[in-house]
Structures are given as structure tokens and as C-alpha cells.
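A.B. asks: The structure follows.
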Amino acid sequence: MINRIRRFVSDENVNMQDRMFVLTSLIVSICLFITVIIALLCGRGLIAIAVGIGSVSLLIAVYLGWKFKRISIAAKIVSTIIVLIVLPLVYYASGGVSSGAPMIFILAAFYISLLITGWYKVVLILLESVILTGGIYLEMAFVGFIKPPTPEMQHIAVFLMVVFISILISILVSYENRLLNLELFRSKEQREEIERLNRAQNQFFSSMSHEIRTPINTIIGLNEMILRENASDEINENAASIQSAGKMLLHLINDILDMSKFESGQMELTPVSYHVGDMLSDIVGMLWLRAKEKGLEFHVNVSPDVPDELVGDEVRIKQILINVLNNAIKYTSQGEVKLTIEANPISSLKSNLIFYVEDTGMGIKKESMPYLFTAFKRVDEEKNRHIEGTGLGLSIVKQFVDLMEGKITVNSVYTKGSTFIIEIPQQVASEKKIGVIDIEKRHSLNAREYYHRSFEAPNAKILVVDDTAANLLVVQKLLRDTLVKITAVTSGEAALKKTQEEKYDIILMDHLMPNMDGIECLHRIREQIGGFNKDTKIIALTANAGSESKALYAREGFDGYIVKPVTGSVLEAELRRLLPSELVTLTGTVDEIIEESLLWNSDHTKKNLVAITTESVADLPRSFVEKNHMQIIPHMVLSEEGLFRDGIEIEQNGLLNYMADPNKKVATRSPDISMHELFFAKALERANNVIHISISSKVAQSGYQAAMEASKTFENVFVIDSGHLSSGQGLMAMYATRLAENGKTVREIVRELEDAKKRVHTSFVVDNLDYLARNGQLSFKVANLIKSLMIRPVIVLKKGKMKVGRLYFGSRARAWEKYIKSCLDTVKTIDTRILFITHVGLTQAELEEIEKLVKTKVKFDTIYFQKASPAIAVNCGPGAFGLLFMTLD
């Protein structure tokens with residue numbers, strides 16, 4: 001019996017509350033039986049009867065509930081008996097409040113709360129409260145009605161109640177903890193199992209993709225050779241159908257892989273620059289035949305004002321359109337399918353690309369709309385049961401559109417047709433418009449495309465490494481007309497022998513090969529002692545598709561990446577790019593070469609991900625600005641002679657000479673909003689994002705507010721309030737440039753700059769405050785007082801505000817020495833990589849003396865002696881300099 005009970009309370013298939021009822025009831029029954037025995041020994045028969053009734057009824061209810069599997073009903077019956085019968089009897093028989101009876105009520109409330117749910121629990125708790133209140137009232141109103149217990153019984157009752165309740169709670173808490181730990185362990189196991197299954201699923205899909213791409217490579221590659229031949233129209237039409245079907249098969253494989261990536265949270269976009277016309281041509285070329293086979297009209301309308309070149313994930317946009325168009329063709333039995341492309345400018349550098357896919361098919365029922373983008377769900381299944389498909393298409397479309405921060409909407413009339421509207425924001429890479437193009441004419445059934453080789457290279461030597469003989473055959477045939485000399489081997493070991501014997505101009509390397517894979521073979525070629533091909537360009541020619549694979553091969557040191565199935569145009573373009581120019585004779589037209597060109601990691605054709613810009617007042621070294629091609633927006637210097645661009649049309653020495661006349665007035669002006677807009681637009685010609693480091697927003701004539709307002713015109717311009725000026729602001733710009741070079745994202749750079757501004761120290765010691773007074777930043781009375789007392793103030797930046805810090809009395813040399821000591825001795829964690837000594841009107845001898853004093857305190861790796869920009873010099877005046885540096889924390 002005990003074993004049966006143990007198994008029952010441990011059985012995970014039994015309701016948790018049922019197990020708790022049995023366990024709790026057994027513990028309470030044991031406690032009650034002990035109470036009965038003690039009551040009889042003490043001569044308290046009435047208590048023994050009351051408690052005995054509760055104990056027996058409890059055991060009977062538990063047994064019956066267990067036997068007939070009605071434990072929830074048994075729990076309610078027992079709880080009702082306890083509240084209505086046992087509690088009043090115990091309260092009366094034990095002697096009322098002084099006997100510890102209220103503790104029984106607490107135990108009963110705990111029992112009820114643990115086992116009963118819903119409104120019945122509330123009713124029982126209220127009844128219990130009424131009974132206890134009534135008992136206390138009777139005890140107080142009718143003295144002697146309830147006979148109080150003797151002191152001995154009182155102590156025994158309280159002792160028993162404390163012990164029983166403690167035992168009950170201890171056992172239940174231990175049991176709960178055991179169950180909780182068991183659930184946590186099981187949850188961890190399930191999570192690990194799910195992760196293992198996800199990894200196995202991803203590996204399976206990846207392997208499946210690789211294995212399917214290998215034979216498709218042979219089919220499509222050799223089929224291309226048929227298309228190159230001057231065969232009959234019938235043969236060419238059949239070959240075109242094979243080509244289209246092969247590409248659609250690849251598209252279905254990609255859908256399955258992408259769904260797996262979405263489910264595991266690994267899907268990422270890979271933005272590139274692409275031509276809209278070429279993208280549309282590829283899509284239409286794939287689907288044109290399918291529409292014609294069903295007798296459907298297929299029309300493509302492109303608005304002439306669509307940008308010719310955009311930046312986005314071209315592969316995923318293709319996938320979206322192919323899925324939607326393929327669906328339209330599948331569900332349309334007669335009539336037409338139409339693709340319309342328009343563009344709405346969001347800003348000068350961003351456009352909303354809008355695709356309309358219209359069909360005259362069966363349409364979608366209103367009640368089916370909510371399930372339209374659900375994976376593996378097909379709407380109106382009875383009517384569509386004969387239509388083939390995976391059920392993944394529109395689900396993937398929705399997820400890709402959401403990932404691109406776009407929108408997809410559907411308008412449909414059942415039996416009349418549907419219109420899908422897809423909006424995807426894209427970066428504009430070129431101001432050129434697509435103009436009038438005829439996509440349909442390119443892909444009419446009667447239009448024959450004749451192959452023209454793009455180059456000849458009879459003296460070029462190519463080594464092709466692939467463990468599949470059919471793949472080697474495809475490459476050899478596709479490159480046959482280029483006259484290159486091809487050596488084909490089927491393993492990494494064979495490749496190493498060849499590279500030991502002969503010099504090759506390019507090596508095409510498969511990845512997944514037995515014994516030695518392509519990556520290992522690459523590294524061994526690079527390290528080969530006595531080898532002739534340590535510097536040879538090596539291209540990954542693999543069935544491993546995806547941006548993550550491309551990144552892997554780039555990291556490992558491959559010079560190019562071609563995914564199978566490969567086409568002749570892609571092979572030729574990649575060879576043309578990497579072969580030495582003296583070996584190549586171009587044979588195609590200029591337009592053909594440009595159209596077919598495949599640029600892989602070619603820096604001169606790609607925009608930078610991030611460009612760092614700043615202002616002329618950042619006082620950066622010219623060498624750093626030129627090396628990093630940093631764009632600088634100038635502040636303006638306003639004098640009686642006119643308005644001059646800081647650092648371009650006016651320099652420091654000329655300004656100081658001009659201001660030597662105290663009657664001459666000079667002021668500074670920050671660039672306005674329109675100047676910033678033009679500046680940002682130009683910066684975005686070279687980068688997809690701009691991070692602009694602005695002078696502190698809290699100083700006079702700050703350009704921060706105008707820059708922020710101008711940035712609202714652009715989606716990808718981020719303005720940072722540096723909280724500093726002069727070379728302190730410059731240090732921020734240098735730090736941002738370093739982060740960008742290290743591949744940090746825009747968000748990461750912005751976050752780290754917010755932290756970095758707290759670690760920049762910006763201060764200047766000046767001879768006097770006359771120049772600040774002349775610019776209206778403080779009164780002449782204060783400036784004259786400072787000068788009369790021979791005080792040399794230090795101007796510091798605190799929380800972005802310019803304030804007067806320390807005051808040094810005496811000679812300039814003494815003030816400088818104290819200033820340097822104060823700057824470098826009080827800061828313990830100085831970043832010793834860079835120090836700026838930014839100065840106004842100092843001689844070479846004075847700068848050398850400052851450098852000497854600095855080096856007695858801290859050894860810096862690099863010290864920049866930087867002339868302050870005229871816009872800074874206007875406020876500091878001659879004889880001023882500052883030590884500007886960063887700290888490590």
C-alpha cells in the first residue's frame with residue numbers, strides 16, 4: 001500500500017492537485033490520529049471524538065476518491081466536512097481560543113487553499129471565518145459556555161499544533177521543491193533536445209541543399225552548352241524550359257533552408273548594391289515560361305522614375321517576388337498575371353520600392369485571409385487540392401518583408417482575382433533613373449540569346465579541384481571558348497601535387513571533399529614549402545549557399561566565391577576580374593562586360609558601411625583627415641572684411657594678425673541646416689551611414705542643433721553631441737573612426753561614443769580673457785580684472801559646458817608648469833596612446849618646452865602639435881594651449 005501511494009504521488013501523469021490532496025490528507029490524518037491518542041490519554045474524550053470523525057472521514061474520502069478517480073470531488077467533500085463539522089467540534093471541545101484552536105483553523109485554511117480552486121474555495125474560507133467569529137463571540141458573550149482547558153492541556157495543545165503544522169509545511173515544501181527541481185531538470189533537457197534537433201535539422205537542410213545543388217550544377221551547366229549551340233528553335237525552347245525548371249527547383253530548396261533559418265532565429269539580411277533592371281530580368285526569365293505554359297498573359301510595367309541602382313538584399317527581394325508571382329501563376333487558370341514596379345522617394349537617399357502583383361485567378365475568401373501567411377497552411381484546400389506546392393512561399397514572403405521593415409497587403413475578390421502590394425524601403429545608390437525598359441521583349445519565347453565569350457586567355461592556367469567528375473566537366477565546357485588551359489583534379493591531395501609542380505593563375509576550389517576539404521587545401525597551398533602557388537588567387541566554387549558561407553570563405557582567405565550551380569557568365573566574370581590583365585584579351589562589348597561583371601569584395605565599387613564626419617573646429621591633424629578620407633564641414637569666421645570658411649579661406653596666423661587691432665571685431669558662425677543637409681548628402685555618396693561628431697551642444701555657436709535638424713532629412717545620419725570642442729572633439733572622431741575600421745555596427749559605435757565622451761579631458765590655459773570678452777562671452781570688467789591681477793585662467797569643458805577652472809598667478813612659464821602638472825598628475829588612468837597639444841600663436845621653442853614638461857610626467861606614444869582652428873583661436877587668443885587626451889575608464 002505504501003509503495004502504491006509513493007508511486008501515485010510521484011506519477012507525473014497524475015494531476016498535480018490530486019497528488020497534493022492524497023499526500024496532504026495522509027499527513028493530516030496521521031497527525032489527527034496522534035491527536036486522538038493524546039486526547040484519550042488526557043481524558044479529553046470529546047476532543048478525541050471530534051478529531052476522530054475528521055480523521056476517519058478524511059481517510060474514507062481519500063480512498064473513495066482514489067478508487068473511483070474522483071479526487072477533486074473527494075477534496076471538496078472532505079473540506080466541507082472539516083469546515084462544517086470538525087472545526088466547530090474541535091473549537092468547542094478543546095476549550096476555545098486559549099487552547100490553540102485558532103491554529104486548527106489556520107491549518108484548515110491552508111489545506112483548503114492548497115486543494116480547492118474557484119468559487120467553492122472562497123465559500124469555504126468565508127464559512128470558516130464565520131464559524132471562528134461565532135465561536136469567539138459565544139465564548140465572550142456567554143462565559144462558561146465553552147469550558148477552558150487546564151494549563152497542562154493548553155500547553156500540550158499548542159505544542160501539538162506547532163509540531164503538526166511545522167511537519168506538514170516542511171513535508172509539502174520539500175515535496176514542492178522536489179517537483180520544481182524535477183521540472184527544471186526536465187525543462188533543461190527538453191531545451192537541449194530542441195537545440196540538438198534544430199542543429200540537426202539545419203545540418204540536414206544544409207547537407208540536402210549541397211547534395212541537390214551538385215547534380216543540378218551538372219544539369220544547368222550542360223544545358224547551357226546546349227543553349228550556346230546553333231540548334232533548332234524547338235531544341236532551344238526545350239533547353240530554356242530545362243533552365244527555368246532548374247532555377248525553380250533551386251528556389252524551392254532555398255525556401256526550405258530559409259524557413260529553417262527563420263525558425264532558429266539565424267536569418268540575416270545581406271545588403272548589396274544592385275541594378276533593378278537586372279534583378280527584374282532574372283525574375284521574369286525564370287517565370288515567363290511557366291506563365292506561357294498555362295496560356296497566361298504575363299506583363300511587366302516599370303515606372304521610368306524607379307532608381308536604377310539601389311542598396312538592399314537583392315537575393316531576398318528576388319525570393320519575395322518569385323514566391324508571390326509563382327503563387328499568382330499557380331492559382332490563375334486563365335487571364336493574366338501582371339507585375340508593376342513603382343518607387344516613392346522617402347528622402348534624397350531612400351526610396352520606397354513598391355511591387356504590385358495582380359492576377360485574374362480564383363481569389364481568396366475573406367475568412368481565409370488570416371491564414372494567408374501561415375506556414376504549411378493552404379487556404380481553400382478542397383478547391384486547391386490539385387495545386388502543387390510546399391505551403392512555405394507566402395509565409396517566407398511575410399517574414400522577409402517584416403525583416404526588411406516593409407509592408408505587404410492583399411486585396412482580393414473571391415473568384416475574381418487578387419492584388420498583392422509589397423512595399424520595401426531601399427537605400428538609393430545612384431541618382432540615375434531606370435528610364436523606359438522593355439523587360440517583356442527580353443524574354444519573349446521567340447527571342448534567342450546567343451552566347452558571346454567576354455574574353456580570351458590562351459596563356460592562362462586554371463586548376464579546378466572538385467571530387468565530382470561531372471562538376472569538373474561542367475567547368476571545362478563552360479570555359480572552353482575562353483581558351484584557358486584547365487587542369488582538373490578530384491581531391492585536395494592531387495591539387496597539392498599539382499601546385500608543387502606548376503604555377504597556376506587561378507585555382508577553383510570545391511569545399512566539401514573527402515579526406516581533405518577545400519579550406520584545409522587552401523591553407524596548405526599557402527604554406528606549401530617550395531610550392532609555386534602561395535600567392536595564386538583561389539576561388540571557392542561550392543554548393544554551400546548563403547551569406548554566412550560567403551563570410552566564412554572570406555575569413556579563411558579565399559579571393560572569390562561562386563555558388564553552384566554555376567553559369568558561364570559568372571565564371572567568366574570572376575576569372576576576368578582575377579586574371580592578370582596581360583593574359584586577358586577582351587572580346588565582348590563594353591556593355592556586356594559591365595552587365596556580366598561579378599564583383600566580390602571589390603572595395604572600389606562598394607560604399608563604406610559607416611563614414612565618420614566632423615567639423616573644422618575638431619582640430620584634427622591633416623594627415624589623419626587625408627588618410628581616412630574624412631569629410632569636414634567648416635565653421636565660418638565673420639569679420640568686417642566678410643565671411644570666411646574656417647581653415648579653408650582663413651588660417652590662424654592671418655586671423656591673429658587681424659585681431660591684433662583691438663578695434664577689429666571677429667565672430668564665429670556654425671553651419672546652418674541647409675549647409676548640413678548638403679554636407680550629409682555628399683557624405684552619403686561614399687557610405688551607407690554617416691556618424692557626425694558635433695561640437696558640444698552647450699557652447700556658443702554650436703553646430704549641433706542645425707546638424708540634428710538636418711539629419712531628420714536622412715534615415716541613416718546619426719549626430720553625436722561630443723560634449724567637447726577643439727581636439728577633444730577630434731579625439732572622439734578618431735575613436736569613432738577606429739571603431740568603424742574594426743567593423744563595429746552603427747548602433748555599437750553610437751553606444752561606445754556615449755561612453756567615450758566621459759573619458760575625454762578638454763582644457764586650455766589662456767593668457768587672458770580679452771578675446772572671450774571681445775566675442776561677448778563675458779564682460780570686459782571681468783577680463784580686465786583677471787589681467788590686472790596677472791591671473792592666467794584655465795578654461796575647461798564640464799558636462800559639455802565651457803567654464804573657468806583653476807586660476808594661476810604669476811608668470812606664463814610658472815602657470816604653464818602648474819597647468820601641465822595639474823592635468824597629468826591628478827588623472828591616474830590616462831590613455832597614453834594619443835596626446836593633443838593644441839595651441840594658438842606659440843613659437844616652436846615654446847612648444848618644445850611644453851613637450852619637455854609633458855614628458856617628465858607621462859610618456860605618450862604619439863603627441864600631436866595641432867594649431868587650433870581660427871574658430872577656436874577667436875575665443876582663446878594668442879599664448880593659449882591645451883592638453884587634450886582620453887582616460888581608460
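A.B. asks: Restricting to segment 688-706, give me the number of residues that are under 26 Å from Ser430 (Cβ atoms) and surrounded by fewer than 20 Cβ atoms within 10 Å (Cβ to Cβ). Quick ask: steps written out before the conclusion?
C.D. replies: So the first thing to find is which residues in segment 688-706 are under 26 Å from Ser430 (Cβ atoms), and the list is 688-692.
Checking the rest, the ones that are also surrounded by fewer than 20 Cβ atoms within 10 Å (Cβ to Cβ) come to 688.
Looking only at that region, the number is 1.
Let's see how each residue does on (1) open to solvent by less than 30 Å² (accessible area, probe 1.4 Å); (2) of a type in the set (Gly, Ala, Ser); (3) part of a strand (DSSP E or B):
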{"site": "Ile322", "(1), (2), (3)": "yes, no, no"}
{"site": "Ile346", "(1), (2), (3)": "no, no, yes"}
{"site": "Leu353", "(1), (2), (3)": "yes, no, yes"}
{"site": "Met362", "(1), (2), (3)": "no, no, no"}
{"site": "Pro370", "(1), (2), (3)": "no, no, no"}
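A.B. asks: Here is a check on your reading of the model: is Leu160 closer than 27 Å to Thr80 by Cβ and loosely packed, with under 13 Cβ neighbours inside 10 Å?
C.D. replies: Details: closer than 27 Å to Thr80 by Cβ: yes; loosely packed, with under 13 Cβ neighbours inside 10 Å: no.
In short, no.
A.B. asks: Still on this structure, please answer the following. Kindly list the number of the only condition in (1) polar (S, T, N, Q); (2) open to solvent by less than 20 Å² (accessible area, probe 1.4 Å); (3) closer than 25 Å to Tyr864 by Cβ that fails for Ser670.
C.D. replies: (2)
A.B. asks: Check Ala740 against each of (1) under 35 Å from the mean Cα position of the chain (by Cα); (2) closer than 20 Å to Thr832 by Cβ and name the one condition it does not meet.
C.D. replies: Failed condition: (2).
A.B. asks: Here is a follow-up. Looking at segment 847-862, which of its residues are more than 20 Å from Lys828 (Cβ to Cβ) and touching a strand residue (DSSP E or B) at 6+ places or on another chain (Cβ under 8 Å)? Give the steps one after another, and end with the answer.
C.D. replies: Just the residues of segment 847-862 that are more than 20 Å from Lys828 (Cβ to Cβ), to begin with: 847-852, 862.
The answer is Leu847, Ile850, Glu851, Thr862.
A.B. asks: Can you pull out the residues in segment 846-889 that are within 30 Å of Pro634 (Cα to Cα), part of a loop (DSSP other than H, G, I, E, B) and β-branched (Val, Ile, Thr)? Reasoning before the result, please.
C.D. replies: Residues of segment 846-889 within 30 Å of Pro634 (Cα to Cα): 846-848, 850-851, 860-887.
Next, from what is left, pick out any that are part of a loop (DSSP other than H, G, I, E, B): 860-861, 868-869, 877-879.
Within segment 846-889, none qualify.
A.B. asks: Restricted to segment 374-418, and to residues that are among the polar types (S, T, N, Q) and open to solvent by 30 Å² or more (accessible area, probe 1.4 Å), which residue is modelled with the highest pLDDT?
C.D. replies: Filtering segment 374-418 down to residues among the polar types (S, T, N, Q) leaves 374, 384, 390, 395, 399, 409, 411-412, 415, 418.
Of the ones still in play, those that are also open to solvent by 30 Å² or more (accessible area, probe 1.4 Å) are 374, 390, 399, 409, 411-412, 415.
Details: Thr374: 64, Thr390: 41, Gln399: 85, Thr409: 81, Asn411: 73, Ser412: 69, Thr415: 76.
That would be Gln399.
A.B. asks: Taking the conditions exactly as written (open to solvent by less than 30 Å² (accessible area, probe 1.4 Å), more than 30 Å from Lys712 (Cα to Cα) and in contact (Cβ under 8 Å) with a residue 60 or more places away in the chain), does Ile283 satisfy them or not? Spell out the reasoning first.
C.D. replies: Values: open to solvent by less than 30 Å² (accessible area, probe 1.4 Å): yes; more than 30 Å from Lys712 (Cα to Cα): yes; in contact (Cβ under 8 Å) with a residue 60 or more places away in the chain: no.
Taking the combined requirement at face value, the residue does not satisfy it.
A.B. asks: Same structure, new question: Please give the strands (runs of 3 or more DSSP E) falling wholly within segment 725-810 in which 1 or more residues are crowded, with 21+ Cβ neighbours inside 10 Å and modelled with pLDDT of 85 or more.
C.D. replies: Working: elements: 763-765, 791-798, 801-809.
It comes to 763-765, 791-798.
A.B. asks: Here's another thing I want to ask about it. Evaluate segment 707-723: report whether one residue or more is under 24 Å from Ser763 (Cα atoms) and either charged (D, E, K, R) or surrounded by fewer than 22 Cβ atoms within 10 Å (Cβ to Cβ) (or both). Can you show your working first?
C.D. replies: Our first condition is that a residue be under 24 Å from Ser763 (Cα atoms); within segment 707-723, this holds for 719-723.
When the remaining residues are screened for being either charged (D, E, K, R) or surrounded by fewer than 22 Cβ atoms within 10 Å (Cβ to Cβ) (or both), the result is 721.
Yes, the conditions are met somewhere in segment 707-723.
A.B. asks: Has segment 506-513 got any residue that is in contact (Cβ under 8 Å) with a residue 60 or more places away in the chain, aliphatic (A, V, I, L, M) and out of contact with any strand residue (DSSP E or B) (no Cβ under 6 Å at 6 or more places or on another chain)?
C.D. replies: yes
A.B. asks: Please count how many residues of segment 813-869 are in contact (Cβ under 8 Å) with a residue 40 or more places away in the chain and either small (Gly, Ala, Ser) or open to solvent by less than 80 Å² (accessible area, probe 1.4 Å) (or both).
C.D. replies: Qualifying residue count for the region: 22.
A.B. asks: Still on this structure: Quick one: is Lys477 within 17 Å of Glu572 (Cβ to Cβ), of a type outside the set (Phe, Trp, Tyr), more than 37 Å from the chain's Cα centre (by Cα) and surrounded by fewer than 17 Cβ atoms within 10 Å (Cβ to Cβ)? Walk me through how you get there before you give the answer.
C.D. replies: Working: within 17 Å of Glu572 (Cβ to Cβ): yes; of a type outside the set (Phe, Trp, Tyr): yes; more than 37 Å from the chain's Cα centre (by Cα): yes; surrounded by fewer than 17 Cβ atoms within 10 Å (Cβ to Cβ): yes.
It is true that Lys477 is within 17 Å of Glu572 (Cβ to Cβ), of a type outside the set (Phe, Trp, Tyr), more than 37 Å from the chain's Cα centre (by Cα) and surrounded by fewer than 17 Cβ atoms within 10 Å (Cβ to Cβ).
A.B. asks: List every residue pair whose Cβ atoms sit under 8 Å apart, with the two residues 6 or more apart in sequence or on different chains, where the first one lies in segment 295-317 and is open to solvent by less than 50 Å² (accessible area, probe 1.4 Å) and the second, anywhere, is among the acidic types (Asp, Glu).
C.D. replies: Qualifying pairs under 8 Å: Leu296/Glu336; Phe298/Glu336; Phe298/Glu440; Val300/Glu440; Ser303/Glu342; Val306/Glu342; Pro307/Glu431.
A.B. asks: Wholly within segment 616-715, which helices (runs of 4 or more DSSP H) include no fewer than the required count, namely at least 2 residues that are under 32 Å from the mean Cα position of the chain (by Cα) and hydroxyl-bearing (Ser, Thr, Tyr)?
C.D. replies: 704-711
A.B. asks: It is to be established whether one or more residues within segment 210-231 are closer than 30 Å to Asp305 by Cα and at pLDDT below 70. Break it down stepwise before answering.
C.D. replies: Start the filter on segment 210-231 by keeping residues that are closer than 30 Å to Asp305 by Cα, which leaves none.
Among the residues of segment 210-231, not one is closer than 30 Å to Asp305 by Cα and at pLDDT below 70, which makes the answer no.
A.B. asks: Within segment 533-558, can you find the residues that are open to solvent by 30 Å² or more (accessible area, probe 1.4 Å), closer than 23 Å to Val484 by Cα and modelled with pLDDT under 90?
C.D. replies: Passing the criteria: Lys534, Asp535.
The values are calculated or read from the model by the stated rules, or taken from the named source; none is laboratory data. Since this is a predicted model, take the numbers as computed values, not measurements. Because the Cβ atoms are built from the backbone with ideal geometry, glycine has one as well, and the counts that use them run over all protein chains shown. To get the accessible areas, we keep the full protein, side chains included, count just its heavy atoms, and leave off ligands, DNA and RNA. Shrake-Rupley method; radii C 1.70, N 1.55, O 1.52, S 1.80 Å.
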